[in-house]
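The values are calculated or read from the model by the stated rules, or taken from the named source; none is laboratory data. Values in this document were obtained by computation on a predicted structure and should not be read as measured data. Positions of Cβ are backbone-derived with ideal geometry, glycine not excepted, and every protein chain shown enters the neighbour counts.
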Amino acid sequence: MSIALVNEQSPSAAGSSVTLTWTPVVGNLLIFVATEITQATTLTDTYGNVWSSIIGGSSNGVGTYLQAYCSVLTATGAGMTITITNFGSSASACVAEFSGVSAVLDGSQVQGYSSSNTTTQSPGTITTTNANDLILVAFGGQNGYSGLSSGFTLLGTLNNGNHWGYVAYQITSSTGSFTPSITDTNGTWAAFVLALKATVSNFTVSVSPSSETVVQGSGTTYTVTVAAIGGYTGTVTPSVLGLPTGATATFSPTTITGGAGTSTMTISTTGSATVGTVTLNVSCTDGTLTHLVALPVLVINAAAVVGGLSGRWLSV
């Protein structure tokens, strides 16, 4: 899954909270970058998502600070409000939503600052080891900016009437070294750059119930559930391994499309199904990725059944 910018807003003098003007998508990454925060900060939102700091305070020694947080959304809805502690009336923030990107750093973030007036500003060079990254860079200073370095796209502008800030990004397709910079109108500044790895598409498999009991000659059913990770959209084919003699399995549907869904696994047995204990494995594959779920199967005969009932039992 490729990285893409979904939406962004740059409120000015945001106060203690920011209400999004759009409804973000579960599984996407929200990034919050703020300037003029001079104390430890925590973020919460109306849907209970977990927010993590991805950059601490970057100070230019005269009061300009930058902080960044992110959250891989597990719940969302209209009117999501992000509440920030220690977010004064002079602070300003940029909030952006990206798809296809994780909260995992590629390497270490790089910070730079200067308490002297300089016209060219750069946090330094970041070197990536992952081909597909989101590189995020932010600058905070006392004057307006121009001349963003090649390859970076402006994401949002922070302006509280006294200090300015710029947030920019670049989506990479190969590893390398990146040195973002801007041209200031000669002011003090602070800046950071970091890289976040793309989400790796995958899927998970679960089977329910965990066990069943059937009489020889009859059958039972299980539900095989496939869930997508990181925007996975592949087609998965389920199968079962380890069936005892006299037992067969069918799946309906025979494939799970679109990266997520369910299939009903039906196990049928003959009157002479092998007794004993076996372990089944439900396998789901898209031809490249394969996941197995172990399933216990127990076969018992009439001697183990209270009441002396004739016949044999197959416990799955």
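Here are the numbers:
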| read-out | value |
| --- | --- |
| Search result, residues across the range 90-117 that are acidic (Asp, Glu) and not in a strand (DSSP E or B) | Asp106 |
| Count of residues meeting criterion [at pLDDT below 95, under 25 Å from the mean Cα position of the chain (by Cα) and surrounded by 13 or more Cβ atoms within 10 Å (Cβ to Cβ)] in the range 235-260 | 2 |
| For Phe98: the one exception among (1) aromatic (Phe, Trp, Tyr); (2) over 21 Å from Ile229 (Cα atoms); (3) under 19 Å from the mean Cα position of the chain (by Cα) | (2) |
| Condition met for Thr188 (over 30 Å from Val137 (Cβ atoms) and either of a type in the set (Ser, Thr, Tyr) or not in a strand (DSSP E or B) (or both)) | no |
| Criterion (within 26 Å of the chain's Cα centre (by Cα), assigned to a strand (DSSP E or B) and of a type in the set (S, T, N, Q)) met by exactly one of Thr183, Thr225, Thr220 | Thr225 |
| Residue in the range 27-40 that is surrounded by 19 or more Cβ atoms within 10 Å (Cβ to Cβ), modelled with pLDDT under 85 and of a type in the set (D, E, K, R) present | yes |
| Single residue of the range 132-149 satisfying the filter (of a type outside the set (A, V, I, L, M, F, W, C) and modelled with pLDDT of 90 or more) that is surrounded by the fewest Cβ atoms within 10 Å (Cβ to Cβ) | Asn132 |
| Within the range 69-109, considering residues that are buried (at least 21 other Cβ atoms within 10 Å of the Cβ) and aliphatic (A, V, I, L, M), the one modelled with the lowest pLDDT | Ala91 |
| Residue that is surrounded by the fewest Cβ atoms within 10 Å (Cβ to Cβ) [pool: residues in the range 219-232 that are modelled with pLDDT of 85 or more and not hydrophobic (A, V, I, L, M, F, W, C)] | Thr223 |
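Matching residues to (1) touching a residue at least 40 places away in the same chain (Cβ under 8 Å); (2) touching a Pro at 6+ places or on another chain (Cβ under 7 Å); (3) farther than 12 Å from Val207 by Cβ; (4) assigned to a strand (DSSP E or B):
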{"residue": "Gly258", "(1), (2), (3), (4)": "no, no, yes, no"}
{"residue": "Thr264", "(1), (2), (3), (4)": "yes, no, no, yes"}
{"residue": "Ser268", "(1), (2), (3), (4)": "yes, no, yes, yes"}
{"residue": "Ala273", "(1), (2), (3), (4)": "yes, yes, yes, no"}
{"residue": "Val278", "(1), (2), (3), (4)": "no, yes, yes, yes"}
{"residue": "Cys284", "(1), (2), (3), (4)": "yes, yes, no, yes"}
{"residue": "Val293", "(1), (2), (3), (4)": "yes, no, no, yes"}
